[in-house]
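Here's the structure we're looking at; comments come further down.
What follows is calculated from the coordinates using simple rules that are stated; it is not laboratory data. In this text, all values refer to a predicted model and were calculated from it rather than measured experimentally. Every residue, glycine as well, gets a Cβ built from its backbone with ideal geometry; the counts of neighbours run over all protein chains shown.
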Amino acid sequence: MNNSDRLRTGIFIPPHHPNDEDPTLAIHRDFELIEWLDKLGYDEAWVGEHHSAGYEIISSPEVFIAAAAERTRRIMLGTGVVSLPYHNPLTVAGRIVQLDHQTRGRVMFGCGPGLLVSDAMMMGIDPAVQRHRMQESLEIILRLFAGETVTHEGEWFTLRNARLHLKPYTEPRPHVAVASAMTPFGAQLAGKHGLGMLCVAASNPAGYDVLDTNWTAANKAAAAAGRTMDRRDLRLCAPFHIAETREQAIENVRWGWEKFRYYNRQVAPQGGGVFGGSIEDMIEKKAAVIGTPDDAVEFMQRYWDKTGGFGAMLHIAINWARFDDMKKSYELFMRYVMPKFAGYNQWREESLDWLKANANEFSDKRVTAAKNVIDAYLDKEKGQARG
C-alpha cells in the first residue's frame, strides 16, 4: 500500500439492536461506544435513520448526533444517512446547519433515498420514486447551503422564496456524502456535485463487485460537470470483529449471530444473502472480517486493490458480540490494523532498522567514549597523587 494522505477509520451505526433488549439502554450504549471510539482516536461516526422493523431504532440521526457531540471531543459525526424523500429539504438543510454550529464544524451530512421499503410504505411513498425524489431534494439542499433563495414547485413539496437564515459554520458548507450501494445512481450524483461517497454495501459480494465500476461512474459524471473526484472522500463500509485469534473472534460473534442472521432474513425474505447464512460462509465470501488484526489488514488490502485507494474504512456496527468484546475489537483495530495497513510506523521501523544495521559500530563508539572518560579520570587522579 502507498497512500500519500492519512487513511481514516470510523464506524457506521445503523444501529443494530435485537428487539429483546431494552431500547433505552441500547441507545445509551451507542453513546458509550462513540465515546470509546473518540478516546481511541477514530475519525468518524455515521448514524442511520430508520422507522420500522424494530432493530434499527434511531429515527433521527440529527437528534442523536446533537447528544453525541456533547459527549465527545474530536470525532466527526455524520448522518448515515438522512432519507431525503421523507423530509422537506428546507428543514433538512436547516437542521444540518444548526448542527454544524452546535458541533463547531464536526457534523457531516450523509444522504440517501431510504433503505427499508417498509419505511416508505408507511409514508405512502412508492419505492420506485425514491431515488428521483432524493436527487430533487439534494440539489435544492446544496443551493440552500450556498445561500440561494429557492422557489420550487414539486409533486411532493413546495418552496416559495425559501432560504436559510443561518449561514453554515463550516466554510463553505459541511461535508456532504451520498449513499452508494449496488446501482451507479449514488455514484453519478456524487460525481455531478463533487460530493463524497458512502459505499454502504461494500462488503456485500454484489456491492464489492461494482466498487470500481461505480467509482468510474462517479469520475465520469464529475468530468462531465467540470469537477474532479477525490479518493479521500471515498468511504467503504464493512463489518469487523477482531480478537487475538480467529477462533476467539468466531466464538465472540457466535454469541449474537442468530439474532443478526434472523433480522437479515426478515428484511430480505429471499434469505438475507450472505448475511443470512453462517459465520463461516460470511468469512469465506469475504463479506466481513471475523478474525485477527492480520486478517483485517489482508481484507483492507483487497479493497484497496479493488478501488485503487480510498479515504476511510468504516466498521458497520453490529451487536453480534458482547459489548466488552466489541470495545476490545475496536481497540485492537486501532492499535494493530491501522498502523500496519496505513504505514503509520514506517519511520519508526526505518529508524530501528538503521540502528540495527549500525549496532556494532554504535556500540564500539559507546564503549570507546566511556573508556576515554574513565582514562581521563584516572590520569587526573594520578596527576593529583604525584602533586
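The smallest convex shape that holds all Cα atoms of the stretch 97-170, its convex hull, gives 106 Å³ per residue. Name the lysines eligible as straight-distance cross-link partners of LYS328: C-alpha to C-alpha under 23 Å, and not fewer than 8 places from it in the same chain. Within the straight-line cut-off, LYS328 pairs with LYS39, LYS259, LYS286, LYS340.
Inter-part distance, the stretch 353-375 to the stretch 112-186, computed on C-alpha centroids, equals 67 Å. For the chain, the longest principal axis of the C-alpha atoms and the axis of helix 323-332 are separated by about 60°.
Charged neighbours of ALA238, selected by a Cβ distance under 11 Å, balance to +3 (K, R count +1; D, E count -1). Once Rg and the Kirkwood radius are both taken over the C-alpha atoms of the stretch 233-387, their ratio Rg/Rh works out to 1.39.
Helix 211-224 axis versus longest C-alpha principal axis of the chain: approximately 70°, rounded to the nearest ten.
The C-alpha atoms of the chain define a longest principal axis, and helix 61-71 lies at about 30 degrees to it. Dividing the C-alpha radius of gyration of the stretch 329-387 by 2.2 N^0.38 Å, with N its residue count, gives 2.19. Where the centre of each part is set by its Cα atoms, how far does the stretch 285-328 sit from the stretch 193-247, in angstrom? Computed from Cα coordinates, the inter-centre distance equals 14 Å. Go ahead and run the numbers for FRET between ALA223 and THR183, Cβ-Cβ distance against an R0 of 25 Å, rounding to 0.05. Approximately 0.80, to the nearest 0.05. The three principal axes of the C-alpha atoms in the stretch 54-132 carry coordinate ranges of 40, 28, 14 Å, sorted with the longest axis first. Summarising the overall dimensions of the stretch 1-121 from its C-alpha atoms, the Rg and Dmax are 14.8, 46 angstrom. Residues in the stretch 243-259 carry Karplus couplings, in order, of 9, 5, 9, 5, 4, 5, 4, 5, 5, 4, 6, 4, 4, x, 5, 5, 5 Hz; the curve used is 6.51 cos²θ - 1.76 cosθ + 1.60 with θ = phi - 60°, and Gly or Pro positions show x. With 10 Å bins beginning at zero, the pair-distance distribution over Cα atoms of the chain amounts to 5, 21, 30, 22, 9, 4, 4, 3, 2, 1, 0 %. Packing-based ranking of 80-92, 251-263 yields 80-92, 251-263, ordered from highest to lowest mean Cβ neighbour count within 10 Å. Entry note, the chain: the mean residue ellipticity at 222 nm calculated from DSSP H runs of n ≥ 4, each adding -39500 (n - 2.57), is -15000 deg cm²/dmol after division by the residues and rounding to the nearest 500.
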